[in-house]
Amino acid sequence: MGKTVYKSDYFKCTLSTTKRFNEQLQQALDKNAVDGWKLHSWRMFPMGEACVLVFYREEE
């Protein structure tokens, strides 16, 4: 059985529009999916400072 590994990524949130936030989120998801990472959780910090994403994947 493999082990689960985690990593984090982030992007600077711009909450001026929902569309822009969604674009930034999708770019981060796509970038990490290339290497097999799946989204585990995410957190947005106050005042739109940053959106932190936690990814995971199984490794043997």
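The numbers here are math on the coordinates, done by the rules we state, and not lab data. What you see is a predicted model; the values in this text were computed from it and never measured.
Note the angle between two axes, namely the Cα long axis of helix 18-33 and the longest principal axis of the Cα atoms of the chain, as a number of degrees from 0 to 90, rounded to the nearest 10.
The helix 18-33 is inclined about 20 degrees to the chain.
How high is the relative contact order of region 3-59? Use alpha-carbon pairs under 8 Å, at least six apart in sequence, and give a whole percent.
Numbers: 86 pairs, mean separation 28.5, N = 57.
Rounded, it is 50 percent for region 3-59.
Using helices alone, I'd like the mean residue ellipticity at 222 nm for the chain: each DSSP H run of four-plus residues gives -39500 (n - 2.57), total over residue count, nearest 500. Don't jump to the answer; show the numbers that get you there.
On the way: 1 runs with 16 residues, N = 60.
Taking each H run of at least 4 residues, the total per residue is -9000 deg cm²/dmol.
Provide the per-residue ³J(HN,Hα) series for region 2-11, in order, calculated from phi with Karplus coefficients 6.51, -1.76, 1.60 and θ = phi - 60°, each as a whole number of Hz, with x at glycine and proline positions.
Rounded to whole hertz, the list is x, 10, 8, 10, 10, 8, 10, 8, 8, 9.
Output ³J(HN,Hα) for region 36-47: one whole-Hz value per residue in order, computed from phi by the Karplus curve 6.51 cos²θ - 1.76 cosθ + 1.60 with θ = phi - 60°, and x for Gly and Pro.
Each residue's phi maps through the Karplus curve to give x, 7, 10, 5, 9, 7, 8, 8, 9, 7, x, 6 Hz.
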